[in-house]
Amino acid sequence: LEAKEEFTHRTLAMDVMRPRRNDPPLTSLTQEGMKVEDVETIINETTYSGFPVVVSKESQRLVGFVLRRDLIISIENGRKRQDGIVSTSTIYFTEHAPVQPPNSPAALKLRSVLDLSPFTVTDHTPMEIVVDIFRKLGLRQCLVTHNGRLLGIITKKDILKHIAQMANQDPDSIMFN
Ligand code: ADP
């Protein structure tokens with residue numbers, strides 16, 4: 001049991017989260033300043049189920065999490081039903097529309113589809129605890145931060161892969177049965 005304890009504590013959230021070391025950074029959105037076409041490009045060039053939203057690229061402070069399907073639907077609806085929403089319209093997740101240069105096209109507010117309290121753990125959280133939280137709260141994904149800065153993401157599938165790997169390395173482990 002002692003050895004097992006040691007074993008299960010060895011893997012930390014930072015070892016399971018994406019991106020992995022040397023991978024390109026997480027695909028995230030900023031809470032203001034991105035254009036409709038920028039977000040559409042991200043939607044078209046990635047297959048991720050969702051995107052963290054940060055205050056700014058520089059700060060990497062987490063604001064929330066937005067699901068890919070909600071983004072697609074809201075942008076489609078905006079383009080169809082809202083006057084002046086075009087490719088160069090600014091998207092914002094903030095309470096109030098950001099100040100824009102005169103004669104800019106109408107801005108698109110997407111705050112209503114933003115999950116403002118996505119679950120987060122720090123990079124040093126033991127995976128044993130992360131797995132437990134996923135199970136107990138039925139999470140689909142969890143964000144990883146370090147000193148308040150967004151660092152990575154762990155999805156339910158990442159968790160399942162991690163559990164399978166653990167079981168392979170340590171078939172007797174009762175921890176994950
Ligand atoms: P799933 O894990 O169910 O396939 P996704 O398609 O959202 O769900 O994620 C695929 C992989 O990419 C996972 O390993 C996940 O950790 C990672 N990932 C998820 N969202 C992002 C993102 N916005 N930026 C970078 N990597 C991500």
Expressed per residue, the solvent accessible area of segment 12-109 in Å² (1.4 Å probe) is about 58
The Cα extents of the chain along the principal axes, largest first and rounded to whole Å, are 67, 29, 29
Distance in nm between residue 20 and residue 135 label points, each 7 Å along Cα→Cβ, equals 2.6
Cross-link reach from residue 109 to lysines, straight Cα distance under 18 Å and at least 8 residues apart if same chain, gives 35, 80
Magnitude of the Cβ-charge dipole (Lys and Arg +1, Asp and Glu -1) of the chain about the Cα centre, nearest 20 debye, reported as 460
Under 5 Å from the placed amide H of residue 151, counting only residues 5+ away or on other chains, we find 144, 145, 146
A chain fully extended from residue 112 to residue 149 at 0.36 nm per residue, minus the present Cα-Cα distance, gains in nm 11.0 nm
For residue 120, the accessible surface traced by a 1.4 Å probe with all protein chains present amounts, in square angstrom to the nearest 10, to 60
CD proxy, 222 nm, the chain: helix-only mean residue ellipticity via -39,500 (n - 2.57) per DSSP H run with n ≥ 4, per residue, nearest 500, stands at -10500 deg cm²/dmol
Computed over segment 27-137, the relative contact order (Cα-Cα under 8 Å, seq sep at least six) in percent reads 27
In a Gaussian network model of the chain with springs linking alpha carbons closer than 10 Å, the residue among 49, 74, 104 that fluctuates most is 104
For segment 55-101, listing trypsin sites (Lys or Arg not before Pro) in a DSSP loop whose Cβ sees at most 13 other Cβ atoms within 10 Å gives 57
For segment 11-148, the accessible surface attributable to carbon and sulfur atoms (probe 1.4 angstrom, ligands and nucleic acids excluded) amounts in percent to 50
Per GNM of the chain with C-alpha springs under 10 angstrom, the most fluctuating residue out of 50, 78, 138 is 138
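The values are calculated or read from the model by the stated rules, or taken from the named source; none is laboratory data. All of these numbers come straight from a predicted model, not from anything done at the bench. A quick note on method: Cβ atoms are made from the backbone with ideal geometry, for glycine too, and the neighbour counts reach across all protein chains shown. Calculation scope for accessible area: heavy atoms of the full protein, side chains included, ligands and nucleic acids excluded. Shrake-Rupley method; radii C 1.70, N 1.55, O 1.52, S 1.80 Å.
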